[in-house]
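Report on the following structure.
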Amino acid sequence: MTVSLVPFTLRRRYAIERLLLQDDDSDLYLARPRSGPGEPVTLRIYHPGARLDESILPSIPGVLEGDAGAADRVAWLVQEYVPAGTLGALLNGQPWTPERATEAVSAVVACVVEWRSATSRPLGAFRPDDLLALGFEPLVLRVGHVPALTRYGRSQPPPPEAVRGEDGDPATWWALGTVIEQLGVKGERWEALRSGLRTPDDAERWDADDVAAWLAGKDPVVPPVRDHASIAALGRGHATPADLAVDLAARPGAAETWLAEGGDVLLGNWLDMDVRDTRFDRAWLAEPPAILVAALSATFTGGERPRYRGFAVDAEGLTDLARGGATGHIVLAEALAAGVLAYAARHRCIHAECLVQGPGGDCAQLTRVDAEVPIILDEVRVVLDRMRDVAGRVAERDWNSGVAAAVELTLDPSSIRRHRRRLRLIGLSSLRRGGPSWIGWWRDQRDNALNGRREEIATRAAIVSALLLTRGADAAGRQLADENKEKLRRHGANAAEQVRAVVSNAMDETWMRGPGIVRDAVLGLADRGEETVTWLRRIWQQIRARLDGRYAQVLLTRAERRGQPPLSAASAVSSGSPFSSAASFSPGGSSSGGAPSSAGGPPSGGTSSSGGASSDPAARRR
């Protein structure tokens, strides 16, 4: 058994034992309190998205606690457990006798009247499983479940007016007719009861007074079934205005052609003479085809999802179109331009904010879109016209995407964060390669979009404007980046040319003056050669003397550690110094064999000990 939908707050307090019932909008579980022994209860957990009218919770007998649900919460009820079950379970039992069936009808009527008196509202098209059986002698029923509001009738089949979005007292008696059919009792009086309760025209259908008269043994008049001629449109016949409205909304092109060829006149005559309708305002017949079809749909199919060109245009449908592709954006733009959203708002919706208005109210979300999005688009047009010279003209495809963004921002305020993140990423990604972030007027528009207050229409207009200006700003930014690259390239080329000119001049001057400069340098080095050699010899003698002293000290230290008689420093140096036996440094003479000259003076004689070059500068020059 799956209990994942049960909120944690309930699972923490109640132990789920078994699943009792599942239907289209809720699951019913049997549970017991976890804190000690207690009476069993039922947990009715509504499916995600279902909402309850919070004002009727106190009117449901046996409700211990409940949550009507919200945007982030699941609706639920904790109710007393009734072991006897529901009327639906009784109907599935043994065959009913006429006496027992009469008792069931009387119990349903009493329950419906009691609910109407306690809540001042109709029970609507209830289902047998919505009524709990409290006792059997006599049969006592009470309302145990009020299904969440849906777009369609809850009984099977739904009453004809459910397609118009109506679920009032006539729907309650239609649902009782469904119960009569399931009882399966035969007879002329039972057929009259069934026919009176299942009359298609809700204005002529039997009500509480007629049923009470039937229970009292009287025979109320059964309304005659009125068959009217169908109307031929779009290549086939349509028996009801609802059927025609659905077909016209799904095929707007064919609908426009049919209406332009006299279909509006045929429709008016059919509604007047055959259907005898009083709901549809005949002034709408003179409106453009899109408005006429939208008004026809709102009048006769208010319980269905509103559609334009076959696409759903309720709040959820608009959101899907806005987040879809180019086709959905075109439908959005056309629906707004045609003005059909005002009529789409008349269809039944299930939003919590709309339930507060009560039955018959327009959808608050569609009304907000129809009122605010045109203002947003007007402000966007002003910005685009002002920027046309620098940003260019916005393509129709891009404009449709802007319309979609405006619709989504109005229906879903949380989408503002996603669009702002998109603008930030556009700015960051174009910093290096060139793009919108290089253009000042685009940055200004983006800052307005990022810093405006979320609830203001101006902020939504700024976001849409920034998105629509992005393409033009991207082209301008790339062009600016290319121009900057070209400037840098020219600057680099000029600098390189200047360097080449300087080097060329220097090389020319060196080529002309080079031989003389080299000759003077060589002669200068030759004149100072003897002085250099003498200085190097003196330095080498100083270094060798320091190294000999350090080596002698090392030998004395080793001797002391080994217990040997100490040597004098002179004998230590003469016996083992690697520096005393090393070849003398003689830059101008031989590396071995000859006696070194004194530390400060030049070698004796005119030549080195190895017969090297003469030390006479004049001879060296030769």
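Figures for the structure shown
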read-out	value
Shape category assigned to segment 7-114 from the gyration tensor of Cα positions, a/c cut at 1.5	prolate
Rounded to whole Hz, the Karplus (6.51, -1.76, 1.60) HN-Hα couplings of segment 10-23, x for glycine and proline	7, 5, 6, 9, 10, 9, 6, 9, 6, 8, 8, 7, 10, 9
Proximal charge balance of residue 220 [Cβ under 9 Å; K/R count +1, D/E count -1]	-2
Integer Hz, Karplus 6.51/-1.76/1.60 couplings in order for segment 182-194, x for Gly and Pro	6, 5, x, 8, 9, x, 5, 5, 5, 5, 5, 4, 5
Cα centroid of segment 267-315 to Cα centroid of segment 191-248, whole Å	21
Segment residue 561-residue 342, extension gain: residue separation times 0.36 nm, minus the distance between their alpha carbons	67.6 nm
For peptides 495-508, 324-337, sequence by mean Cβ density within 10 Å, most packed first	324-337, 495-508
Segment 186-294 - percent of accessible surface contributed by carbon and sulfur, probe 1.4 Å	53
Solvent-accessible area per residue for segment 1-135 (1.4 angstrom probe, square angstrom)	49
Chain lengthening between residue 282 and residue 375 when straightened (0.36 nm per residue, less Cα-Cα)	30.4 nm
Two-site FRET efficiency, residue 447 against residue 352, from Cβ-Cβ distance with R₀ of 45 Å, rounded to 0.05	0.80
Estimated FRET transfer efficiency when R0 is 51 angstrom, pair residue 227-residue 39 (beta carbons, to 0.05)	0.40
Under-5 Å amide H pairs with residue 134, H placed in peptide plane, nonlocal only	140, 141, 142
Net +/- balance of residues flanking residue 47 in space, Cβ distance below 10 Å, scoring K and R +1, D and E -1	-4
For segment 240-248, Karplus couplings with θ = phi - 60° (6.51, -1.76, 1.60), whole Hz, Gly/Pro x	10, x, 5, 4, 5, 5, 5, 5, 5
Global form of segment 226-290, assessed from the alpha-carbon gyration tensor, a/c cut-off 1.5	oblate
Probe 1.4 Å, accessible area per residue of segment 139-280, Å²	47
Whether segment 37-196 is rounded, prolate or oblate, judged on the alpha carbon gyration tensor where a/c under 1.5 counts as rounded	oblate
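The values are calculated or read from the model by the stated rules, or taken from the named source; none is laboratory data. Everything numeric in this text was worked out from a predicted model, so none of it was measured. Positions of Cβ are backbone-derived with ideal geometry, glycine not excepted, and every protein chain shown enters the neighbour counts. Surface accessibility is based on the protein's heavy atoms, side chains included, excluding ligands, DNA and RNA. Shrake-Rupley method; radii C 1.70, N 1.55, O 1.52, S 1.80 Å.
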